[in-house]
Amino acid sequence: MAAVLDRVLLTREEPFSNLTEYLSEGGFQALKKALTMTPLEVIYEIKKAHLRGRGGAGFPTGIKWEGVYKKTHDDHGLPALKYLVCNASEGEPGTYKDRYLIKKNPYTLLEGMAIASYAIGTANAIICIKEIFKREIAMLQHAIKECEDAGYIGSNAMSSGRDLPIEIAFGPDSYLLGEDRAMLEVIEGKPAWPRAKGIIPVDFGLWAQPTVVNNVETLSTVPHILLKGADWFRSIGTADSPGTMIFTLVGDVNKPGMYELPLGTSLKTLIEVYGGGVGADRQLQAVFSGPTNAVIPASKIDTPLDFGSMRALPSGLGSGGFIVYDHTACVLRAGLNFSRFLAIESCGQCTSCKTGTGRITRRLQLLEEGLGTIQDTMAILEDCQHIKGQGRCFLITEEAVEIGSIFYNFPDVIAEHIEFGCLKTRPLPLPKIKDFDEATHTFIFDEKYYERSFAEGRYILSK
Ligand SMILES: Cc1cc2nc3c(=O)[nH]c(=O)nc-3n(C[C@H](O)[C@H](O)[C@H](O)COP(=O)(O)O)c2cc1C
Ligand code: SF4
């Protein structure tokens, strides 16, 4: 087996095909160790490691766990029945790392969940995943059964006297399924609509009980920290963002792919060294960290990939998905793609979000078609200002930040569209990833996404 030493998660190229293989490489030793520690000792090790969530916000995992651990009673004064939810929704364009991790090694996720369950004090752990991710679901079901049958999870896990079962819940193919509070609604049998602002799962989570929601990659990192220690983990990455991250690199690079790198590696290294740079005779123009954060112009690619540096740009690390465009791509069309995606995915609970994303999308489309005016650009910028920070969830702010940043960083492109319409007619598919062919470094996109959304009536605005 080819071992890869400078990684935490993808330490070998081949996927683990069964539990025996995982055990032969130290599998479940971290849970064994955790069970000799007190729950608080486990939590303090994760806090000391300064593990930050890999789902988008970068919130410190240990603090979240401690919050739920300390909640002995629910809001009604009754003994708290806590929950752990693993967010395996992965709906952001340009991101594939969670499905990749599950395919490579579902066992570390299960071990991480068992450790987290033990630490926060729950026997209710659920993986929430999109129903359409059939292959990943089958792999998880198989791995859960193997681990249960061998006594590593489930009742009396590893003869510890503790029950650490893991279940799977299925959700719709909706971007909002990944929003943690919407995910809890779905598990409760309701639509993927985010709960009101200010209601956080640690206080009021699944069935109104204290709940930890963590991303697949976050939970998969936990066993490595427990086994090798917080100091080892902090020796990788930066002080602000220790450890590694699995970056999804798509778009105009010679070698798109999945790359696990220490946090703090520069965006330039990711694109040029790992992605092989943009094509010959092409210049890098812009990089998008999904539809969530401000666009990164080519002049800023020396920025280290860590939470603090990316925030200071200003942009964001998001879930580590980067979409690269060279000078032949129309950045306004890239923005239109994201805006249309967000308008479709907006649940409509907040009027400013559904109408705002729809209005901005329609005006961007006019600009693309050469029918837009200076008044349209002013109206887009005004809308971005007005909708930012409104609404129950962050989706509405994603729209404002993403589109506003394109106007701010590429004023010439906007001016050109007002005068001539779009001069770069190259098609740009929405990079919503369905699959990845590792042998050829090719991503397969969900090409029918818009068609399906229109057919389902999810995008109702006419031109
Ligand atoms: C619109 C929206 C979509 C999101 N989608 C995902 C997702 O697909 N996967 C994920 O882990 N987090 C997603 N998040 C972030 C979650 O709300 C939450 O912060 C995360 O699951 C917490 O896990 P972590 O602390 O391990 O990062 C999304 C957030 C928003 C606002
Ligand atoms: S901000 Fe948008 S997506 Fe979020 S809850 Fe409101 S309408 Fe739904």
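What to note about this one:
- For Gly348, nonlocal amide neighbours, meaning residues 5 or more places apart or on other chains whose placed amide H falls under 5 Å from its own, are Lys354.
- For the pair Lys190 and Glu131, a Förster radius of 22 Å applied to the C-beta separation gives a FRET efficiency near 0.90, rounded to the nearest 0.05.
- Normalised contact order of the chain, rounded percent, pairs of Cα under 8 Å and 6 or more residues apart: 15 percent
- For Phe445, the amide hydrogen comes within under 5 Å of the amide hydrogens of Lys434, counting only partners 5 or more places away or on other chains and with H modelled in the peptide plane.
- Region 103-207, Rg to Rh (Cα coordinates; Rh as Kirkwood inverse mean 1/r): 0.99
- Taking only Cα atoms of the chain, radius of gyration then Dmax in Å: 22.1, 72
- Cα-based equivalent ellipsoid of region 176-254: semi-axis lengths in Å, sorted from largest, via gyration tensor: 30, 20, 11
- DSSP beta bridges in region 19-234 [antiparallel fraction, %, rounded to 5]: 15 percent
- Taking Cα atoms only, the orientation of helix 395-409 departs from the longest principal axis of the chain by about 50 degrees.
- Note on exposure: Thr244, Thr20 ranked by accessible area (1.4 Å probe, complete protein assembly) read Thr20, Thr244, with the most exposed listed first.
- Couplings 3J(HN,Hα) for region 353-364, derived from phi with the Karplus relation 6.51 cos²θ - 1.76 cosθ + 1.60 (θ = phi - 60°), are 7, 5, 6, x, 5, x, 5, 4, 4, 4, 6, 4 Hz, where x marks Gly and Pro.
- Angle in degrees between helix 216-228 and the longest Cα principal axis of the chain, rounded to the nearest 10: 40 degrees
- Whole-number percent relative contact order across region 133-260, with pairs defined as alpha carbons under 8 Å at least 6 apart: 9 percent
- Label-point separation, Lys197 to Gln29 (7 Å along Cα→Cβ), nm: 4.9 nm
- Heavy atoms of His73: accessible area, 1.4 Å probe, square angstrom to 10: 90 Å²
- Ratio of Rg to Rh over region 19-234 (Cα coordinates, Kirkwood Rh, two decimals): 0.94
- Qualifying GluC sites (Glu not before Pro) for region 1-56 [loop in DSSP, other Cβ within 10 Å: at most 13]: Glu13
- Between helix 331-345 and the chain: long-axis angle, C-alpha atoms, 0 to 90°, nearest 10: 50 degrees
- Shown for the chain: cysteine residues without a partner Cβ closer than 4.7 Å, namely Cys86, Cys128, Cys147, Cys330, Cys347, Cys384, Cys393, Cys422.
- Phi angles across region 376-388 convert, under the Karplus curve 6.51 cos²θ - 1.76 cosθ + 1.60 with θ = phi - 60°, into 3J(HN,Hα) values of 5, 5, 5, 5, 4, 5, 5, 4, 4, 4, 6, 8, 4 Hz, Gly and Pro given as x.
- 3J(HN,Hα) along region 265-279: 4, 6, 4, 4, 4, 4, 6, 7, 7, 7, x, x, x, 7, x Hz, from the Karplus curve 6.51 cos²θ - 1.76 cosθ + 1.60 with θ = phi - 60°, whole Hz, x for Gly and Pro.
- Long-range HN-HN contacts of Ile199 with modeled amide H, under 5 Å: none
- Heavy atoms of Trp232: accessible area, 1.4 Å probe, square angstrom to 10: 70 Å²
- Extension reserve of the Glu451-His76 stretch, reckoned as 0.36 nm per residue once the Cα distance is removed: 130.3 nm
- Percentage relative contact order, region 19-234, counting C-alpha pairs under 8 Å, at least six apart: 31 percent
The values are calculated or read from the model by the stated rules, or taken from the named source; none is laboratory data. Not measured: the values here are computed from a predicted model. A quick note on method: Cβ atoms are made from the backbone with ideal geometry, for glycine too, and the neighbour counts reach across all protein chains shown. Remember, those area values only see protein heavy atoms, side chains included, never the ligands or the DNA or RNA. Shrake-Rupley method; radii C 1.70, N 1.55, O 1.52, S 1.80 Å.
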